[in-house]
Amino acid sequence: MSELQFSSHRSPVYGRRGMVAASQPLAVAAGLEILRAGGNAADAAVATAAALNVTEPTSTGIGGDCFALFYSATTRAITALNGSGRAPAVLTLERLQREGFGAALPPYHPYTITVPGACAGWCDLIARLGRLAMPAVLAPAIRLAEEGFPVAPITAYFWDRGAERQLRHAPGGLELTIDGRGPRAGEIFRNPGLARTFRAVAEGGKRAFYEGAIAAAIAAAVQAAGGCLAVEDLAGHTSTWDAPISTTYRPFGAAQDKGLRIWECPPNGQGIAALLALNVLEGFDLAGLDPLSPGRLHLEIEAMRLAFADTRWYVTDPQFFNIPITQLLSKDYAADRRKLIDPTRATLDQRHGAPVAGSDTVYFSVVDGEGNACSFIISNYMGFGTGIVPAGYGFTLQNRGHNFSLDPAHPNALAPRKRPYHTIIPAMATREADGSFYASFGVMGGFMQPQGHMQVVIALADDGLDPQAALDRPRFCIEDGTAGGQVALEEGIPPATIAALAAMGHSVNTVSGHGRALFGRGQIILRDPETGVLCGGSDPRADGCAMPL
């Protein structure tokens, strides 16, 4: 990887026998422990996810959903796991109308609780692709929860915000506080309830979560808060194994052997947004423009506006709506959409096309010594989700159902047993010439995620940056993930660029300090196909790191 440029505040990390990159060092250590014990990338991914539930419950947990992409070094095939849950069987638009709900559900209402899909996702990933048994995989997280751990500083800040916003007011929420407040940086926090949950799953598998005492506690907590999730909804949950979606990306004028194929999970996730934007941008000479210049950022922002115009209409549960994925990802469609970009002015009223005659998460990456890779993301959605904790089990329940539309004519309209539009997306890249693994990457954070994926791919492919430098670069974010949304610009983007973008018609605001969490927190691991050397980076906007075995 000597050809990669280095321009970072900290060095990229190199190794050969395996690597984990995550937003919490103790979770990285858990993943490395499993690799050292003979586990592969799938085993280490689940160990890391469970440890993140312990150390960063502000963003993630077994009460939420997960998605994963797995690259097999043997077959060079990529597998996609959808570990997202469905709406309760008795929750209908008619019921919400009778009860007086308007255009959207309140963000922390118990009706936003969909079936937590994470536990089944963990168990299914291990059963199909892992090598170790669940007791071994969950052991590091159980130890952290029982013995306690010192809370990291950025996590402590958001934990205290979550205590004020959700945990103090939600049923059972005080279980994840210290006398009603979040733990301070360096303070030891123990979570015996979560250890109890993990021990049950380690011994009884996913049935221990979706049936029996845990399922009863989940249903009881939701119904006591005024929701309608039932034990039958939990018992009927299943993950799905899907064919991943992809597109090629070649920097403008690049030779065939320099091209990459970018992989995402299919809808109901929003990964297609990143692919749509990259297809549009492929036709511009981005490498010929300064990365933080107004001309280049304008093109990237406008490409994302077009992508969001499509995804906010078309992304939904494919069991309920026929999504024209092939047509949306065609290069001809991208060429037509590219013509809608005015290089001098922002277009804030883009509409979804017709290709045929519609922030709080953790992302991490694992690559093992054999070259298998797992790109994994798991989330409660809005921080602690609803903040509701099933009594004695140490985890909060997500509020992912907030992403449903309440417009009956919309493809993403709420319906019984339906999965909502999902913001969390893992990504991978392979070399188009031979299908070899190039990178496992992701950028967590609500509607920032496809924008982050796009910006990372451009930094790696067009600009030749190493993973750490790519993550260090200041970002933009269309805040609400809509075609006409306001653009947040991170500190580090030149004032002259900010002024020029505003003059082009973009509604912009600058963000610094803890507010930079808006721009997501990413992880990247690259692999050299000739030497097997891994090169990793971890986002400076979080507490984490990349570490080799």
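The values are calculated or read from the model by the stated rules, or taken from the named source; none is laboratory data. What you are looking at is a predicted structure, and each value in this text was computed from that prediction instead of being measured. Methodologically, a virtual Cβ is constructed for each residue, glycine included, from the backbone with ideal geometry; neighbour enumeration extends over all protein chains shown.
Within segment 59-82, being over 20 Å from residue 403 (Cα atoms) and not in a strand (DSSP E or B) holds for 72, 73, 74, 75, 76, 77. Among strands (runs of 3 or more DSSP E) entirely within segment 478-549, having at least 3 residues that are in the same structural domain as residue 448 (by TED's automatic domain parsing) and buried (at least 22 other Cβ atoms within 10 Å of the Cβ) singles out 521-527, 534-538.
The requirement of being of a type in the set (A, V, I, L, M, F, W, C), on the phi < 0 side of the Ramachandran plot, assigned to a loop (DSSP other than H, G, I, E, B) and at pLDDT below 95 is fulfilled somewhere in segment 299-318, by at least one residue. Inside segment 165-180, residues that are crowded, with 23+ Cβ neighbours inside 10 Å and of a type outside the set (A, V, I, L, M, F, W, C) make up a count of 2. Among residues of segment 433-461 that are acidic (Asp, Glu), those with a Cβ under 9 angstrom from a residue that is in a loop (DSSP other than H, G, I, E, B) and modelled with pLDDT of 95 or more, sequence gap 6+ or separate chain, pair up as 434/76.
Being in a loop (DSSP other than H, G, I, E, B) and within 25 Å of the chain's Cα centre (by Cα) is the filter here, so list the residues in segment 202-234 that pass it.
Residues of segment 202-234 in a loop (DSSP other than H, G, I, E, B): 205-206, 211-212, 225-230.
Within segment 202-234, 205, 206, 229 meet the criteria.
Can you find a residue in segment 97-104 that is of a type outside the set (Phe, Trp, Tyr), farther than 19 Å from residue 235 by Cα and outside any loop (DSSP other than H, G, I, E, B)? Break it down stepwise before answering.
If we filter segment 97-104 for residues that are of a type outside the set (Phe, Trp, Tyr), which is where we start, we get 97-100, 102-104.
Restricting the remaining residues to those that are farther than 19 Å from residue 235 by Cα gives 97-100, 102-104.
Now drop any that are not outside any loop (DSSP other than H, G, I, E, B), which leaves 97-98.
Yes: segment 97-104 contains one or more residues that are of a type outside the set (Phe, Trp, Tyr), farther than 19 Å from residue 235 by Cα and outside any loop (DSSP other than H, G, I, E, B).
Within segment 421-441, the set of residues being surrounded by 22 or more Cβ atoms within 10 Å (Cβ to Cβ), part of a loop (DSSP other than H, G, I, E, B) and modelled with pLDDT of 95 or more comprises just one member, 426.
Only residues that are outside any helix (DSSP H, G or I) and at pLDDT 95 or above were counted across segment 321-338, and they come to 2. Across segment 105-140, the number of residues qualifying as in contact with a Phe, Trp or Tyr (Cβ under 6 Å, 6 or more places away or on another chain) and either surrounded by 21 or more Cβ atoms within 10 Å (Cβ to Cβ) or outside any loop (DSSP other than H, G, I, E, B) (or both) comes to 3.
Within the bounds of segment 411-419, is there any residue that is buried (at least 19 other Cβ atoms within 10 Å of the Cβ) and either in the same structural domain as residue 263 (by TED's automatic domain parsing) or under 30 Å from residue 514 (Cα atoms) (or both)? No, because not a single residue in segment 411-419 is buried (at least 19 other Cβ atoms within 10 Å of the Cβ) and either in the same structural domain as residue 263 (by TED's automatic domain parsing) or under 30 Å from residue 514 (Cα atoms) (or both). Look at (1) in contact with a Ser or Thr (Cβ under 8 Å, 6 or more places away or on another chain); (2) in a helix (DSSP H, G or I); (3) farther than 20 Å from residue 542 by Cα and you find that residue 460 fails only one, number (1).
Sort through 202, 255, 195 and tell me the only one that's small (Gly, Ala, Ser) and modelled with pLDDT under 95.
Working: 202 fails: modelled with pLDDT under 95; 195 fails: modelled with pLDDT under 95.
None of the other options fit; the residue is 255.
Residue check: residue 48 meets all listed conditions (1) closer than 20 Å to residue 390 by Cβ; (2) within 17 Å of the chain's Cα centre (by Cα) but one, namely (1).
Of everything in segment 145-164 that is under 22 Å from the mean Cα position of the chain (by Cα), of a type outside the set (Val, Ile, Thr) and not in a loop (DSSP other than H, G, I, E, B), the residue that is surrounded by the fewest Cβ atoms within 10 Å (Cβ to Cβ) is 153. Checked across segment 72-80, the condition of being of a type in the set (Lys, Arg) and either modelled with pLDDT under 95 or in contact with a strand residue (DSSP E or B) (Cβ under 8 Å, 6 or more places away or on another chain) (or both) holds for at least one residue. Counting only residues that are surrounded by fewer than 23 Cβ atoms within 10 Å (Cβ to Cβ), of a type in the set (A, V, I, L, M, F, W, C) and in contact with a Phe, Trp or Tyr (Cβ under 9 Å, 6 or more places away or on another chain), which one in segment 66-90 is farthest from residue 366 (Cα to Cα)? Residue satisfying both the conditions and the ranking: 77.
Conditions tested, residue by residue: (1) more than 25 Å from residue 15 (Cα to Cα); (2) aliphatic (A, V, I, L, M).
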| site | (1), (2) |
| --- | --- |
| 462 | no, no |
| 484 | yes, no |
| 493 | yes, yes |
| 498 | yes, yes |
| 515 | yes, no |
| 544 | no, no |
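Just one of the listed residues (296, 345) is modelled with pLDDT under 95 and not aromatic (Phe, Trp, Tyr), and it is 345. Given the condition among the hydroxyl-bearing types (Ser, Thr, Tyr) and within 26 Å of residue 52 (Cβ to Cβ), answer yes or no: does some residue in segment 397-420 qualify? For segment 397-420, residues among the hydroxyl-bearing types (Ser, Thr, Tyr) and within 26 Å of residue 52 (Cβ to Cβ): absent.
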